[in-house]
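Working notes for the structure below.
Nothing in this text is a laboratory measurement; each read-out follows from the coordinates by a stated rule. Because the structure is a prediction, the values reported are computed rather than measured. Ideal geometry is used to build each Cβ from the backbone, glycine not excepted, and the neighbour counts take in all protein chains shown.
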């Protein structure tokens, strides 16, 4: 009972932290060539309209480390949405999200989408499917950019945004898994907040937070005697940063950023290999015309990211379905690297091919600075392992009057 009470206290503290962060402001977008910012152009339409979003992509991850699989992502997303605008500040949307992998005949996903939006000066409210094509402006260790190259780009729930000259903030709830009575699965939802306050023309303070809950009271795992779900887990990530921006005499932009990250879990079973941990994330970004270059350093001590890039994790996400001489190889099933250290870089180029059509080219590199886990002593050490990825993207987004 004491353990259950302790978990409830932690949940309440995490919720209060999230609400606090939502008051403080919005971190700038983590740079990635296939990100798209939300626009208010649809509110300029008359009563009816259509918004069409399309993304075609090929991303090849040449990874040979012990943490993340090397794989190729290639496919296309098309998302048409009909818009009805009953007033200048409100609109209803209904559409169909289609997702297909190249090399397959069938469509992987065909998901109906619905949302209601309200915009009033500094405030924006959404219920239904949320806009996440900028990944909520979260840094890569907090939310992986590859999420946008899958059907996970669709989030459903409630979002509130506030924007002013000095403050930009978003608080959202993404309901990821809905359960019915006596379901075997758990309900899953994520509460997030991304904020930034501008101190001056050069200095800003970003704060980011994610709380993920897995559990439920109507599924088969719920125990009515203890008022607790046998599969309940709660975990949160938080980051606090500082950013300094400078323009040189050629009007090229430099952005120096540092984030301190923390994670903590509360669960009555083993959900993650580490209960809590910290990380440091330092980047220098240089932008000139259509080219953007980022150089960074990452150091983690048992830090577990709920939704971040796998390369920044401290435990293996590699596929454990390899067979050697007929024997299942589970080498990576319990592999951890609690002291993970990386140098990384990102280079991308953007080109407008036609109105509302953008070509993006992106290359990423990761150099591992730490030794591999002692549990893999018989295998080749991954220190100084260089992994990289490259991708090509075509993005289209426009609003049409009907």
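Odds and ends about this structure:
- Percent RCO, i.e. relative contact order, over segment 93-208, from Cα pairs under 8 Å lying at least 6 residues apart: 17 percent
- Computed from the C-alpha gyration tensor, the three semi-axes of the ellipsoid equivalent to segment 137-183 are 26, 17, 8 Å, from longest to shortest.
- Counted over all Cα-Cα pairs of segment 59-163, pairs farther apart than 22 Å make up 44 percent.
- If you model the chain as an ellipsoid using its alpha carbon gyration tensor, with each semi-axis the square root of five times an eigenvalue, the axes come out at 32, 28, 24 Å, biggest first.
- Nitroxide proxy distance, nm - points 7 Å out along Cα→Cβ at residue 301 and residue 176: 2.7 nm
- Peptide packing: for 40-51, 126-137, the average count of neighbouring Cβ atoms within 10 Å per residue gives the ranking 126-137, 40-51, highest mean first.
- Pairs of Cα atoms nearer than 8 Å and 6+ residues apart set the relative contact order; for the chain it is 17 percent.
- Dividing the alpha-carbon radius of gyration of segment 254-374 by the rule-of-thumb value 2.2 N^0.38 Å gives 1.35.
- Compactness relative to 2.2 N^0.38 Å, alpha carbon Rg of segment 109-187: 1.26
- Cα pair count fraction exceeding 13 Å, expressed as % - segment 27-73: 74 percent
- When you count the other C-beta atoms within 10 angstrom of each residue and take the mean per peptide, 345-354, 92-101, 387-396 line up highest first as 387-396, 92-101, 345-354.
- Here is how the number arises for the chain: DSSP H runs of 4 or more residues each give -39500 (n - 2.57), the sum is divided by the residue count, and the result at 222 nm is -2000 deg cm²/dmol.
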